[in-house]
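Novice: The structure follows.
The values are calculated or read from the model by the stated rules, or taken from the named source; none is laboratory data. For clarity, every value in this text was computed on a predicted model and none was experimentally measured. Positions of Cβ are generated from backbone atoms using ideal geometry, with glycine treated the same way; all protein chains shown enter the neighbour counts.
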Amino acid sequence: MKPFLSNLRKLTAIPAFHNLLLFLSVFGPATITAMADNDAGGVATYSVAGATLGYPILFLLGIVTVLLGITQEMGMRLTLVTRRGLADLIRERFGVKASLGIFTALIIANLGTITVELTAVKTTSAMLNIPSIPFMIFIVLISLLVVTRGNYKLTQGIMLFTSLFYLAYVISAIKANPNWGLALSNIVFPHGVNFSPEYLKSYLLIGMGVLGTTITPWGQFFISSFAYDKNIEKGKMIFSQLETYVGAFLTDFFSFFMIVATAATLFVHGITLTSGEQAALAIKPFAGELAGTLFALGILNAGFMGMIVVALSTAYAFAEFFGLSGSLDSNFKQSKSFYWIYSVQIVVAAGVSLLPGISLFSLAIITQTINAIALPLVFYFLIKLTGDKKLMGEYVNKPFVKWFAIIGSIVIGIASVATLVASFVKF
């Protein structure tokens, strides 16, 4: 942390406008990665948490924000110092077998996640009276054209623009007319409900799910690769580090309003949920048609953004794990495998989501199981690499960061497992 704090002090001697321009020049990778954590599955998790637990679950947001910021900062710092992506360094330092194992788990879990995202697009479009299958096909084609025919700047611009649609959750929460004093005070300490043994059990399991859905294996690979693809200079590291914390704050800022919207309408009336789409329908009688519609639009947007980012994380990892070319600024001919991996994931997931009788519940369980196994391994590699003095120099992990990351990774692993348990437990 010493280099970071030292650089932070130096910024005070530079004109604020100049610092702002430098910050904007590196802005994007960390914020997009963090915001994409609020994908369709994330929205569902936060909605269920708000409807089941009410305002007290907001207490966990502060902890989740810090964890997300620190882990993303490690990945960002690793890439800017070494000029290599996380997957590339794992292949070089730990061998092809480790790379193949991690990538296999990553692509299977990511395919499941992308399928859930596309299913959310299909379901919420129908709720908004948009022909679901034609609209889903349209979204798939747009995602393919943007990535395979565009470039880094275009893709980043679209992702940042779609992030603005998360404002729909802010409006939904305001329309729900919540108890703002109770909501804000619960960020400091949980209160205002009957903390019965059954409630505490739900809080533990669903709370762990909230943590596990925010910090993911694909997120660690994506922030590393996307930052590398942006070609951020090492001299601008302090601004990229700051962005990791800004991105973490923004993603949980919107998560706060998702929880408030469902807590103020569904929890107070004893209405439980099993999905985010149910939340969009259920809050309408209490917050109005507009609030429900905006909530549905938010889920649709989250599915679109999550689909692209998760698919890109697999494509980046594939290129790095196996030493191939992979950049959004290269054309299809130069990075065939990169674009083929991205495209095949989207098409396969779309096909699966259209199959009759497909169990999304089972798919989510399988995806969470694989993530639960892969995430501790990803963090093991990340901690080892950022703790290597020869590799990182003065930017090596300090003891506090090292142990915080180790404890955090253990907690995140437990969170993923607890999410699986929660899926089988009826509250």
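Novice: For segment 246-264, check the following and say yes or no: at least one residue is small (Gly, Ala, Ser), in contact with a Phe, Trp or Tyr (Cβ under 9 Å, 6 or more places away or on another chain) and closer than 20 Å to Leu128 by Cβ.
Specialist: Yes.
Novice: Still on this structure, I have one more. For residues in segment 293-321 being more than 12 Å from Ile346 (Cα to Cα) and among the polar types (S, T, N, Q), which is modelled with the lowest pLDDT?
Specialist: Per the stated criteria, the residue is Thr293.
Novice: Do we find that Val210 is within 14 Å of the chain's Cα centre (by Cα) and not charged (D, E, K, R) in this structure?
Specialist: Values: within 14 Å of the chain's Cα centre (by Cα): yes; not charged (D, E, K, R): yes.
So Val210 passes the test.
Novice: For segment 176-211, name all the residues that are in a helix (DSSP H, G or I), surrounded by 16 or more Cβ atoms within 10 Å (Cβ to Cβ) and modelled with pLDDT under 90.
Specialist: Tyr199, Ser202, Tyr203, Leu205, Ile206, Gly207, Met208, Gly209, Val210, Leu211
Novice: In segment 64-79, which residue that is out of contact with any Asp or Glu (no Cβ under 7 Å at 6 or more places or on another chain) and polar (S, T, N, Q) is nearest to Ile90 (Cα to Cα)?
Specialist: Checked segment 64-79; the qualifying residue nearest to Ile90 (Cα to Cα) is Thr79.
Novice: Then there is this: Within segment 108-121, identify whether any single residue is in contact (Cβ under 8 Å) with a residue 40 or more places away in the chain, closer than 25 Å to Val348 by Cβ and surrounded by fewer than 19 Cβ atoms within 10 Å (Cβ to Cβ), and answer yes or no.
Specialist: yes
Novice: Would you say Gly62 is part of a helix (DSSP H, G or I), loosely packed, with under 15 Cβ neighbours inside 10 Å and modelled with pLDDT of 80 or more?
Specialist: Against the criterion (part of a helix (DSSP H, G or I), loosely packed, with under 15 Cβ neighbours inside 10 Å and modelled with pLDDT of 80 or more), Gly62 qualifies.
Novice: In segment 143-157, is there at least one residue being of a type in the set (A, V, I, L, M) and over 18 Å from Phe332 (Cα atoms)?
Specialist: No: segment 143-157 contains no residue that is of a type in the set (A, V, I, L, M) and over 18 Å from Phe332 (Cα atoms).
Novice: Output the qualifying pairs, or none if there are none: Cβ atoms under 7 angstrom, residues six or more apart or on different chains, first residue in segment 91-103 and more than 15 Å from Tyr380 (Cα to Cα), second residue surrounded by fewer than 15 Cβ atoms within 10 Å (Cβ to Cβ) and not hydroxyl-bearing (Ser, Thr, Tyr).
Specialist: Final answer for the pair search is none.
Novice: How many of the residues making up segment 236-258 are surrounded by fewer than 21 Cβ atoms within 10 Å (Cβ to Cβ) and hydroxyl-bearing (Ser, Thr, Tyr)?
Specialist: So the count comes out to 1.
Novice: Which ones in segment 185-202 are under 17 Å from Phe257 (Cα atoms) and either free of Cβ contacts under 8 Å to residues at least 60 places away in the same chain or in contact with a strand residue (DSSP E or B) (Cβ under 6 Å, 6 or more places away or on another chain) (or both)?
Specialist: Across segment 185-202, the qualifying residue is only Ser185.
Novice: While we're here: Step by step: first the residues of segment 217-257, then only those that are touching a Gly at 6+ places or on another chain (Cβ under 9 Å) and polar (S, T, N, Q), then the one that is nearest to Ser409 (Cα to Cα). Which residue is that?
Specialist: Checked segment 217-257; the qualifying residue nearest to Ser409 (Cα to Cα) is Gln220.
Novice: Do we have Leu145 as assigned to a helix (DSSP H, G or I), without any contact (Cβ under 8 Å) to a residue 12 or more places away in the chain and within 23 Å of Phe222 (Cβ to Cβ) here?
Specialist: Criteria met by Leu145.
Novice: When segment 86-129 is examined, which residues are found to be in contact with a helix residue (DSSP H, G or I) (Cβ under 9 Å, 6 or more places away or on another chain) and outside any helix (DSSP H, G or I)?
Specialist: Within segment 86-129, just Leu128 meets the criteria.
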